[in-house]
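The values are calculated or read from the model by the stated rules, or taken from the named source; none is laboratory data. As the structure is a computational prediction, the values presented were derived from the model and not from experiment. Please note: Cβ atoms are built from the backbone with ideal geometry, for glycine as well, and neighbour counts cover all protein chains shown.
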Amino acid sequence: MKKMIALVDCNNFYASCERLFQPRLQNRPIVVLSNNDGCVIARSDEAKELGIEMGAPSFLIESLLQQHNVSVFSSNYTLYGDLSDRVMTTLSQFADQLEVYSIDEAFLNLTAFRHHHLTDYAHTIRNTVMQHIGIPVSIGIAPSKTLAKIANRLVKKRNKQLGVYCIDSMEKMQFALQNTPVKDIWGIGSQYTKLLTRNGFITAWDVARAPEEWIRKNLSVVGQRMYNELKGTACIAFEDMPPKKKMVCVARGFGKVLSEKHEVMEALANFTAMVAVKLRSEQLAATTIQIFVQTNAHRNNDPQYYRSLTISLPEATNSTNELIRHARQGLETIYRPGYNYHKTGCTAMELVSAEKVQYNIFDTENRARNSQLMKVVDLVNRSFGKDAVRFALQGFSTRWKLRQLNLSPCYTTRIDEVLTIKI
DNA sequence: TCTGGGGTCCTAGGACCC
DNA sequence: TCTGGGGTCCTAGGACCC
C-alpha cells in the first residue's frame, strides 16, 4: 500500500505563541526578532501583508514598524519550546508514528488510515490542536515527505482557511508540482535554485520530469532522493526515534564589538559553560571541542579575521571547568590583538554517553569529584536561576550579552511570570 | 632511467534545513 | 549603534599505506 504522510506545521509559530497570551494582538501585525534583536525571524499574516520580509534587519525597518504600530518581540525560546512540546503531545495521539521534525513541524504516518477519510481526519487534528493549545496549524498530506511539504505550502498559499491539502491522486499531484516554483522545493536552497533556473527549470513539475542521471550528477544523492520523492516514492526514512546528537554548539554575536582578549574570553567561557550544561542534561560527554572567533563581516571598514581551532580532549568530559580550561588555552592560540571581535562560540563534538566515560574514569579521583560538583552546580542553578553559580572566567561583565529589548515573560515555565487575569 | 593504483581516513568546505 | 543560531549530510582532495 502507498504510504501516506502528513506534515503538520504551526502557522507563524513564534508570532502565534506571543499572540496566545495577548489576545488583543488578534488580527494585529506582530514580528519576532532573532537573538540580539538583529533581524525578523517570524511574522504574523498582518506583518507579511505590510511587506516585512523574513530576515529583514530590524534597524532597517524601524520606521515601518513604528508607522504601522507593529508589536515587536525578542525571541523567547523557553516559551516556544514549551508550547511546542504541548503541540507535539497532542499530535502524538493521532498516529502511531510521529516524527518531531522541528520546533514547529511534525510528520505523522497516516498510512494505516483509510485514504478517503484522510482529509476529514486532518481537520479533526487541526481543530483539536486549536482547542487544546490555541495554535493554528496547516496540514499537508501526500505519499512522501517532500510532497507533504509541498502540499503544506499550498495550504498556506492558497487554502489557508481550509487548512488541509491532501495529494491523493495523480491530478492533484500534477497540480501541486506545477504550482510549486523550484525555490520552494524542500531540499532546494539558493545555490541549487540558481543552478536549476540556469538550466531552464521553473517548477517542481519540470524537475520531476528531468533525467535522473542529470539530477544525480548535479544535485548529488540528496537531490536524487528529493527527485524520487517528488514523483511519489517515499525515499526519506520516517524517523520515529530522535537520532542521537552528533554535536552541541553555542555561538553568539555580542551586543557590541569587543577588542579586549579578556572580554572575548569571558563570552567564550559563558558559551562553553552553556555547552557543558547541555551536554550534562543529555548525559553526553565531548571528546573534542571546536572554538572560533570572528569579526563582523558587515563592518566593511574593519579588518576581518576568522579562525577556528579543534581541540582533542585527553578524556571525554562534560564538566564546565575542564571545558572552559581547554577553551581558554585554545583562545590563546587563535586570538589576535587589533581586531573588533563580534562573535565567538564553542562546539562539542564526537559525543559519547557520559555514563560510559564515568565507568573508566574512577581511576582518577578528581574526575569523580568533579562530576559530583557539576551535579550540585546544576541543581543550584536550576533552583536559583541560571548562573547563580559561575566559574571565575565567566566573569560578571555584560558587554558581550545579547540585546533583548522586547522579551515576553515565560508564561508557561516560570511560576513568577505566569499570567494573571483580572476579573 | 623508468615511476602505479586502489583503498581508507581525515578535513575543509559547501550544500541544505528550521 | 544595530544584519540569528543550531544543526545534518555529502563531496573533493590530501595524506598515507600497501
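Scanning the range A:1-19 for residues that are under 17 Å from A:Val72 (Cβ atoms), more than 16 Å from DNA strand C (Cβ to nearest atom) and of a type in the set (A, V, I, L, M) returns no hits.
The number of residues in the range A:214-266 that are part of a loop (DSSP other than H, G, I, E, B), free of Cβ contacts under 8 Å to residues at least 12 places away in the same chain and farther than 23 Å from A:Ala176 by Cα comes to 3.
With respect to A:Leu162, is the statement that it is free of Cβ contacts under 8 Å to residues at least 40 places away in the same chain, within 14 Å of DNA strand B (Cβ to nearest atom) and of a type in the set (A, V, I, L, M) true?
No.
Scanning the range A:388-397 for residues that are assigned to a loop (DSSP other than H, G, I, E, B) and in contact (Cβ under 8 Å) with a residue 60 or more places away in the chain yields A:Arg390, A:Phe391, A:Gly395, A:Ser397.
Condition check ((1) more than 30 Å from A:His132 (Cα to Cα); (2) buried (at least 17 other Cβ atoms within 10 Å of the Cβ); (3) more than 14 Å from DNA strand B (Cβ to nearest atom); (4) not hydrophobic (A, V, I, L, M, F, W, C)) across all residues:
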site	(1), (2), (3), (4)
A:Leu7	no, yes, no, no
A:Leu20	no, yes, yes, no
A:Asn27	no, no, yes, yes
A:Glu46	no, yes, yes, yes
A:Ser58	yes, yes, yes, yes
A:Leu64	yes, no, yes, no
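Among A:Met170, A:Met130, which is under 18 Å from A:Ser16 (Cβ atoms) and hydrophobic (A, V, I, L, M, F, W, C)? The unique qualifying residue is A:Met130. Residues in the range A:66-108 that are within 12 Å of DNA strand C (Cβ to nearest atom), crowded, with 20+ Cβ neighbours inside 10 Å and either hydrophobic (A, V, I, L, M, F, W, C) or at positive phi (or both): there are none.
Would it be correct to say that A:Ala234 is under 25 Å from the mean Cα position of the chain (by Cα) and away from DNA strand C (no atom under 15 Å from the Cβ)? When the stated conditions are applied, A:Ala234 passes them. Selection within the range A:166-182: residues that are within 15 Å of A:Pro143 (Cα to Cα) and part of a loop (DSSP other than H, G, I, E, B). The member of this set that is farthest from DNA strand C (Cβ to nearest atom) is A:Ser169.
Being part of a helix (DSSP H, G or I) and surrounded by 19 or more Cβ atoms within 10 Å (Cβ to Cβ) is the filter; apply it to the range A:183-198 and report the residue that is nearest to DNA strand B (Cβ to nearest atom). Break it down into steps so the answer makes sense when it comes.
Kept after step one, since they are part of a helix (DSSP H, G or I), are these residues of the range A:183-198: A:183-184, A:190-198.
If we keep only those that are surrounded by 19 or more Cβ atoms within 10 Å (Cβ to Cβ) too, we end up with A:192, A:196.
Details: A:Tyr192: 3, A:Leu196: 9 Å.
The residue in question is A:Tyr192.
Considering the range A:166-182 alone, what residues qualify as being out of contact with any Phe, Trp or Tyr (no Cβ under 9 Å at 6 or more places or on another chain) and within 16 Å of DNA strand B (Cβ to nearest atom)? If the condition is that a residue be out of contact with any Phe, Trp or Tyr (no Cβ under 9 Å at 6 or more places or on another chain) and within 16 Å of DNA strand B (Cβ to nearest atom), then A:Pro181 is the only one that fits. Residue check: A:Tyr339 meets all listed conditions (1) out of contact with any Gly (no Cβ under 9 Å at 6 or more places or on another chain); (2) buried (at least 19 other Cβ atoms within 10 Å of the Cβ); (3) within 19 Å of A:Val275 (Cβ to Cβ) but one, namely (3).
Considering the conditions (1) surrounded by 15 or more Cβ atoms within 10 Å (Cβ to Cβ); (2) at pLDDT 95 or above; (3) more than 16 Å from DNA strand B (Cβ to nearest atom), A:Phe113 is excluded by exactly one of them, (2).
Any residue that is in a loop (DSSP other than H, G, I, E, B) and either modelled with pLDDT of 95 or more or closer than 26 Å to A:Val129 by Cα (or both) - is there at least one of those in the range A:201-208? For the range A:201-208, residues in a loop (DSSP other than H, G, I, E, B) and either modelled with pLDDT of 95 or more or closer than 26 Å to A:Val129 by Cα (or both): present. Does A:Met274 count as within 11 Å of DNA strand C (Cβ to nearest atom) and closer than 17 Å to A:Lys401 by Cα? Yes: the conditions hold for A:Met274. Checked against (1) of a type in the set (S, T, N, Q); (2) over 20 Å from A:Arg252 (Cα atoms); (3) in contact with a strand residue (DSSP E or B) (Cβ under 9 Å, 6 or more places away or on another chain); (4) at pLDDT below 85, A:Thr398 passes all but condition (2). The set of residues in the range A:312-329 that are under 20 Å from A:Arg390 (Cβ atoms) and without any contact (Cβ under 8 Å) to a residue 60 or more places away in the chain comprises A:Thr317, A:Asn318, A:Ser319, A:Glu322, A:Leu323, A:Arg325, A:His326, A:Ala327, A:Gln329.
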